[in-house]
Ligand SMILES: NC(=O)c1ccc[n+]([C@@H]2O[C@H](COP(=O)([O-])OP(=O)(O)OC[C@H]3O[C@@H](n4cnc5c(N)ncnc54)[C@H](O)[C@@H]3O)[C@@H](O)[C@H]2O)c1
């Protein structure tokens, strides 16, 4: 198979860098557009080409889309609490940045545009397991931005003929998830934080009772979901990407350490996330392969 030119925005970040690695393993040519604001050079695949650009600036990103077949749009500021502190910057990156990428994709005539959506849009869901038809309840600016970005992909994508799809990821974990040099790292994914604290021989800190539960999906499985969606003929649709199971934070913490302390609850976050992944299994043919036990054993 000859490779396609692929763009991964945010390809120096946690999830984007795993999508880059998989695309390169599959023989594709990968161009990363990233301003390294939360991403790290150590995540960069040496076989990919990095352009250090900001997705808020359409003129600088546009030329890179020429000849591109697939766009994977991961770039965002993906943290909940900071989105309350600086909602304007988060809106510009997460929403306006997405529209800019769609414009550049339209002008280049790309074959598929895959958006990194989030289960944050379901809030505390009104159905468990949660299907893609569940109600939208945005509890924080981040969730609202992710929903706006996704809807722009579907509305403008249809209008312009850009074949866009959104994957609403649940809690993604795995290597590179925790970036302790980064000011927003206090809000990094919980498994990454627990693993880091345990390696530092510090007690794990649980917010609230620890009874809140999450659907954890390994980042390698997530990368496969993105590539499978790019290869599918599907456009203008939304899919959940999770494991289809839910584990409490207490349960996860106890699997990693017996040293646990409880701190104040964080407001505006969901009590439970639990994906129904029937739709992506049926229409894209993707399902997760890495169980939570195996994924926790694979942490570096
Ligand atoms: N981590 C999760 O569990 C999770 C769950 C659901 C959705 N998502 C979404 O997946 C995507 C990736 O998240 P992540 O956890 O890998 O985050 P991350 O912070 O590790 O990666 C984001 C990347 O985007 C880059 N970036 C940020 N602003 C930019 C800008 N203005 N211009 C160019 N590049 C910019 C950063 O430098 C970084 O490399 C985000 O869109 C996020 O909303 C993540």
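Just so you know, all these numbers are worked out from the coordinates, no wet-lab data involved. All values reported here derive from a predicted model rather than from experimental measurement. Backbone-built Cβ (ideal geometry, glycine too); neighbour counts: all protein chains shown.
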Taking the stretch 218-236 and keeping only residues that are more than 26 Å from residue 196 (Cα to Cα), in contact (Cβ under 8 Å) with a residue 40 or more places away in the chain and part of a helix (DSSP H, G or I), one is left with 225, 226, 227, 228, 229, 230
Which of the strands (runs of 3 or more DSSP E) contained wholly in the stretch 8-110 include at least 2 residues that are more than 17 Å from residue 162 (Cβ to Cβ)? 29-33, 49-51
Quick check, is residue 118 surrounded by 17 or more Cβ atoms within 10 Å (Cβ to Cβ) and within 11 Å of the ligand (Cβ to nearest atom)? yes
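Test residue 67 against the stated conditions and say whether it is closer than 22 Å to residue 100 by Cβ and near the ligand (Cβ under 8 Å from one of its atoms).
Numbers: closer than 22 Å to residue 100 by Cβ: yes; near the ligand (Cβ under 8 Å from one of its atoms): no.
For residue 67, the condition - closer than 22 Å to residue 100 by Cβ and near the ligand (Cβ under 8 Å from one of its atoms) - is not met.
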Tell me the residue from 85, 54, 34, 29 that is more than 16 Å from residue 105 (Cβ to Cβ) and loosely packed, with under 14 Cβ neighbours inside 10 Å, please. 85
Filtering the stretch 82-98 down to residues that are closer than 15 Å to residue 10 by Cα and in contact with a helix residue (DSSP H, G or I) (Cβ under 7 Å, 6 or more places away or on another chain) yields 90, 94, 95, 98
First in the stretch 163-174 and more than 14 Å from residue 151 (Cβ to Cβ), second anywhere and in a strand (DSSP E or B) and near the ligand (Cβ under 7 Å from one of its atoms), Cβ under 7 Å, 6 or more apart: 167/116; 167/117; 169/116; 169/117; 169/118
So residue 105 clears everything in (1) in contact with a strand residue (DSSP E or B) (Cβ under 8 Å, 6 or more places away or on another chain); (2) within 23 Å of residue 177 (Cβ to Cβ) except one condition, right? Which one? (2)
Filter pass, residue 239 being assigned to a strand (DSSP E or B) and in contact with a strand residue (DSSP E or B) (Cβ under 9 Å, 6 or more places away or on another chain): yes
Matching option when the condition is away from the ligand (no atom under 13 Å from the Cβ), under 23 Å from residue 18 (Cβ atoms) and surrounded by fewer than 24 Cβ atoms within 10 Å (Cβ to Cβ), among 161, 111, 123: 111
